[in-house]
Amino acid sequence: MPIIRLIDGINEVVGRIVSLVALIFAAIIIYDVFMRYVLGQPTRWAFDVTKQLYGFYFIMLGGYALRHQAHVRVDLLTATMRPAMRRWVEVAGYVIFFFPFAWIFATRSWTFAMTSWNQGEVTYGAVALPVYPLKMAMFVAACLLLIQGVSEVLKLILDRAPHIYGNDPVQ
């Protein structure tokens, strides 16, 4: 189905691009350690920047993780069910729990980001970094998670969810 391929593709691209952020914050940490312990000149900005980058990295990979079934799954009840029943229990779980959570996450993070933007919010650390980009990333991440949930439900309904049949590469 084209919509499933589109949504999965978006989260795949975002996940692969965002994963490069780990290299950036690792490089900053190594630089800071070198400056602090080898040259005796610690940086004032490295801790705040790496904290922001890690937050961005962590939040933006939610849709990618859902696409690859990498979230923690407690399937004590569903593990013994027949695949057809398990599919419908999972669809119900998305409808009852996931979509309301993702919707609230998206709407609240939008409000959170706009408040930060309007106030010109900055960090309280040694360097005053703007906070609104990270808060806007929360909104984007919530939207990516929400659309990936749509993709996962469509896969379940159309019987294209490999983790239902025990051939999930993540498990």
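The values are calculated or read from the model by the stated rules, or taken from the named source; none is laboratory data. All of these numbers come straight from a predicted model, not from anything done at the bench. We place every Cβ from the backbone using ideal geometry, glycine too, and count neighbours over all the protein chains shown. Just so you know, the surface numbers come from the protein's heavy atoms only, side chains and all, with ligands and any DNA or RNA stripped out. Shrake-Rupley method; radii C 1.70, N 1.55, O 1.52, S 1.80 Å.
Mean sequence separation of contacting Cα pairs (under 8 Å, at least six apart), scaled by the length of the chain, corresponds to a relative contact order of 30 percent.
Carbon-plus-sulfur accessible fraction, the chain (probe radius 1.4 Å, protein heavy atoms only): 72%.
Can you give the Kirkwood hydrodynamic radius for region 30-96, in Å, rounded to one decimal and based on Cα pairs?
Values: mean 1/r = 0.0630 Å⁻¹.
Final number for the Kirkwood radius of region 30-96 is 15.9 Å.
A 1.4 Å probe, protein heavy atoms only, puts the accessible area of ILE17 near 110 Å². Extension gain, VAL122 to SER19: 0.36 nm times the residue separation minus the Cα-Cα distance gives 34.6 nm. Around the amide H of VAL122, modelled in the peptide plane, lie the amide H atoms of VAL131, all under 5 Å away and 5 or more residues distant in sequence or on another chain. Based on protein heavy atoms only, region 18-163 ends up with 61 Å² per residue of surface accessible to a 1.4 Å probe. Among PHE139, PHE34, the sequence by solvent-accessible area, most first, with a 1.4 Å probe is PHE34, PHE139.
When the P(r) of the chain is calculated, the portion above 22 Å amounts to 54% of the C-alpha pairs. Placing a label point 7 Å from the Cα of MET35 along the Cα-to-Cβ direction, the residues of region 91-131 whose backbone N falls under 17 Å from that point are 125-130.
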